[in-house]
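Working notes, beginning with the structure itself.
The values are calculated or read from the model by the stated rules, or taken from the named source; none is laboratory data. In this text the structure is predicted, and so the values were computed from the model without any measurement. Here the Cβ is made from the backbone with ideal geometry for all residues, glycine too, and neighbour counts use every protein chain on show.
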Amino acid sequence: MTKKIINYGSINIDYVYRTPHFVRPGETLHAESFTKGLGGKGANQSVAIARSGGHVVHVGQLSTLDRWARDVLVNAGVLVDFIDEVDDASGHAIIQVDSDGENAILLHGGANQSVDIKSLEKAMEETDDVEYLLLQNECNNSELAINAALTNKIKVAFNPAPMSQDVASLNLEQLDTLIVNELEAQALTGSRNINDSISFFVTRLPATRVVMTLGAKGSILVNGGNVVEFPSTSVDVIDTTGAGDTFVGYFLQSLVSGLDDMSALEIASSAAALAVTERGAINAIPNIERVTEFIHG
């Protein structure tokens, strides 16, 4: 049977403005272009899993006014039976992308902050062969979601973005996989020194696979006391929006497919590298055929 991933994740409407630089305090700046589309870390990661060849069930909420967003997910291969429509505004993000391809994001949680945990529990009950629950930090009830997965003997992968003070109080020791970027690692460990962060994860989370993504500097894997550095692939950066989500989705699906950690890192890093060469988030997430071709030349 094909193993599945349940993604308890955010669904946002992205308003993306390309600008020569990020808006400064007191400044009014004309945008060079504007696009509107589906985003949110949860939705991005679900699409990445689907495009990597995985079976992903998305659990979340969005406004009845944004029903079109479900169609985007369906067309990408995401299962949407447990996405509830509500009268509240959907979560949304205002994204600036500067001339170097870097982004700055203002996020409003909206419907992502009132997801009923019963929807997740129902998804777990009605979905066969679930190996992982994936969650980020853009929805409410993270603690309840983790506990529900553990009760159902489902492994948990957590990408605590955006980072908050609540993350440190969660049951991180029982996570199968934790994926953080450099800033999230600093916030969680209390140190800007990468070696300090590594020591923290080795000591505090000895049974958890921890991946620190470092952008152009690659990534670091900490697993069972073993520490491995993995280099990034040099590409021409157009837009970094969604690259981290591409990495998360591809990495987790690679594990579900039975690949070892290093092979999963190679595929996830390559997928993220391809994502930054295109504009947008979901539109830039490559499919597995393109990633395979990229790896093998």
> For segment 59-75, which residues satisfy the criterion of being among the β-branched types (Val, Ile, Thr) and either buried (at least 17 other Cβ atoms within 10 Å of the Cβ) or touching a helix residue (DSSP H, G or I) at 6+ places or on another chain (Cβ under 9 Å) (or both)?
Replying inline: Val59, Val72
> Could you count how many residues in segment 275-297 are surrounded by 22 or more Cβ atoms within 10 Å (Cβ to Cβ) and either aromatic (Phe, Trp, Tyr) or over 14 Å from Asn44 (Cβ atoms) (or both)?
Replying inline: 1
> Within segment 160-172, is even one residue at pLDDT 95 or above and not in a helix (DSSP H, G or I)?
Replying inline: yes
> Just checking, which of Glu182, Glu173 is of a type in the set (D, E, K, R) and closer than 23 Å to Ala273 by Cβ?
Replying inline: Glu182
> Among the candidates Gly37, Gly60, Gly26, which residue alone is part of a strand (DSSP E or B), more than 18 Å from Ala161 (Cα to Cα) and of a type outside the set (Asp, Glu)?
Replying inline: Gly37
> What are the residues in segment 187-210 that are free of Cβ contacts under 8 Å to residues at least 12 places away in the same chain and either outside any loop (DSSP other than H, G, I, E, B) or among the polar types (S, T, N, Q) (or both), if any?
Replying inline: Ser191, Asn193, Asn195, Asp196, Ser199, Thr203
> Can you tell me which residue in segment 1-58 is nearest to Thr127 (Cα to Cα), limited to those that are hydroxyl-bearing (Ser, Thr, Tyr) and crowded, with 24+ Cβ neighbours inside 10 Å?
Replying inline: Tyr8
> Restricting segment 224-274 to residues that are of a type in the set (S, T, N, Q) and assigned to a helix (DSSP H, G or I), which is surrounded by the fewest Cβ atoms within 10 Å (Cβ to Cβ)?
Replying inline: Ser263
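This table checks each residue for (1) modelled with pLDDT of 95 or more; (2) of a type in the set (Val, Ile, Thr); (3) within 26 Å of Gly244 (Cα to Cα); (4) under 18 Å from the mean Cα position of the chain (by Cα).
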| site | (1), (2), (3), (4) |
| --- | --- |
| Gly91 | yes, no, yes, yes |
| Glu102 | no, no, yes, yes |
| Ile105 | no, yes, yes, yes |
| Glu125 | yes, no, no, no |
> Residues of segment 105-118 being loosely packed, with under 14 Cβ neighbours inside 10 Å and either touching a helix residue (DSSP H, G or I) at 6+ places or on another chain (Cβ under 8 Å) or of a type in the set (A, V, I, L, M) (or both), which ones?
Replying inline: Leu106
> Here are some residues: Asp88, Asp128. Which one is more than 21 Å from Leu62 (Cα to Cα), in a loop (DSSP other than H, G, I, E, B) and in contact with a strand residue (DSSP E or B) (Cβ under 8 Å, 6 or more places away or on another chain)?
Replying inline: Asp128
